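Engineer: Pasting a structure here, questions to come.
The values are calculated or read from the model by the stated rules, or taken from the named source; none is laboratory data. Predicted model, so just to flag it, every value in this text is computed and none were measured. Heads up, the Cβs are rebuilt from the backbone with ideal geometry, glycines too, and the neighbour counts pull from every protein chain shown.
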Amino acid sequence: MAPRPLPDLEETRQILARRRTRPAPRPPPPAGRGLTKLIRDLDARFGQGPGALQARWREIVGEQIARRTEPVKLVKGRNGAGAALEIRVAGPAASLIQHQAPEILARVNLFLGSGAVERLRIVQGPLRPAAVSPAQGPKRREAPLDAAQEAELTQGLALAPDGPLKAALLALGRGVLRNAQRTQRR
């Protein structure tokens, strides 16, 4: 079998005129467009969850309770029942938190919506280290002592051998002198 010759320019035009070409496929729509409705439905059905609670826990339960607790997870109830909120409590504060459970539930339901949480499950354990709260602000550096006080403190510890004990005594002396200055100003 001999190879078929390629068509010339005129034959190519005729072939292309007779055949319909397929249109280029459309690109898929952006993923966000399709997911927006699904996310809205899921949020309406299951609520905001523990992420929203963790972010605003201090505002919801107050400073005193937030120092001793943190929300862990929100377990959805079966058959449309309210959820159970699991909170981690630092050691011996669990009994105090147990007595405040109705108040905590009321505050959480105020945030998540009426009847969202029915039960509080308290688990004892270590809390995650908290970041500096906005109420506390960043820790300020203490002002240095004046030269006369620093010289007097160093002279008093001149006979002590160098080492960690001497450094600790210097730090203690500086703290005592600063504290005395603060009380004199008041």
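Engineer: Taking the condition among the basic types (Lys, Arg) and not in a loop (DSSP other than H, G, I, E, B), does ARG88 pass? Write out each step before concluding.
Structural biologist: Working: among the basic types (Lys, Arg): yes; not in a loop (DSSP other than H, G, I, E, B): yes.
Yes; evaluated as a whole, the condition is true for this residue.
Engineer: Identify all residues within region 151-177 that are charged (D, E, K, R) and touching a residue at least 24 places away in the same chain (Cβ under 8 Å); write none if there are none. Give the steps one after another, and end with the answer.
Structural biologist: Of region 151-177, the ones charged (D, E, K, R) are 152, 162, 166, 174.
Of everything in region 151-177, just one residue is charged (D, E, K, R) and touching a residue at least 24 places away in the same chain (Cβ under 8 Å), namely ARG174.
Engineer: State yes or no: is ARG178 within 30 Å of ALA66 (Cα to Cα) and either among the polar types (S, T, N, Q) or modelled with pLDDT under 90 (or both)?
Structural biologist: Working: within 30 Å of ALA66 (Cα to Cα): no; either among the polar types (S, T, N, Q) or modelled with pLDDT under 90 (or both): yes.
No, not satisfied.
Engineer: Pick from LEU42, LEU85, LEU74, LEU38: which is over 30 Å from ALA106 (Cβ atoms) and of a type in the set (A, V, I, L, M, F, W, C)? Give the steps one after another, and end with the answer.
Structural biologist: On the way: LEU42 fails: over 30 Å from ALA106 (Cβ atoms); LEU85 fails: over 30 Å from ALA106 (Cβ atoms); LEU74 fails: over 30 Å from ALA106 (Cβ atoms).
So the residue among LEU42, LEU85, LEU74, LEU38 that is over 30 Å from ALA106 (Cβ atoms) and of a type in the set (A, V, I, L, M, F, W, C) is LEU38.
Engineer: Among the residues of region 141-157, is there at least one that is in contact with an Asp or Glu (Cβ under 9 Å, 6 or more places away or on another chain), closer than 22 Å to GLU59 by Cβ and either at pLDDT below 90 or among the small types (Gly, Ala, Ser) (or both)?
Structural biologist: No, region 141-157 contains no residue that is in contact with an Asp or Glu (Cβ under 9 Å, 6 or more places away or on another chain), closer than 22 Å to GLU59 by Cβ and either at pLDDT below 90 or among the small types (Gly, Ala, Ser) (or both).
Engineer: Would you say LEU127 is in contact (Cβ under 8 Å) with a residue 12 or more places away in the chain, within 30 Å of GLN181 (Cβ to Cβ) and of a type outside the set (Ser, Thr, Tyr)? Write out each step before concluding.
Structural biologist: On the way: in contact (Cβ under 8 Å) with a residue 12 or more places away in the chain: yes; within 30 Å of GLN181 (Cβ to Cβ): no; of a type outside the set (Ser, Thr, Tyr): yes.
Taking the combined requirement at face value, the residue does not satisfy it.
Engineer: Would you check which residues across region 28-48 are modelled with pLDDT of 75 or more and outside any helix (DSSP H, G or I) and list them?
Structural biologist: Result: PRO28, PRO29, PRO30.
Engineer: Restricting the search to region 60-83, which residues are β-branched (Val, Ile, Thr), modelled with pLDDT of 85 or more and either touching a strand residue (DSSP E or B) at 6+ places or on another chain (Cβ under 8 Å) or not assigned by TED's automatic domain parsing to the domain that holds ILE97 (or both)?
Structural biologist: The initial filter retains those residues of region 60-83 that are β-branched (Val, Ile, Thr), namely 60-61, 65, 69, 72, 75.
When the remaining residues are screened for being modelled with pLDDT of 85 or more, the result is 60-61, 65, 69, 72.
Passing the criteria: VAL61, THR69, VAL72.
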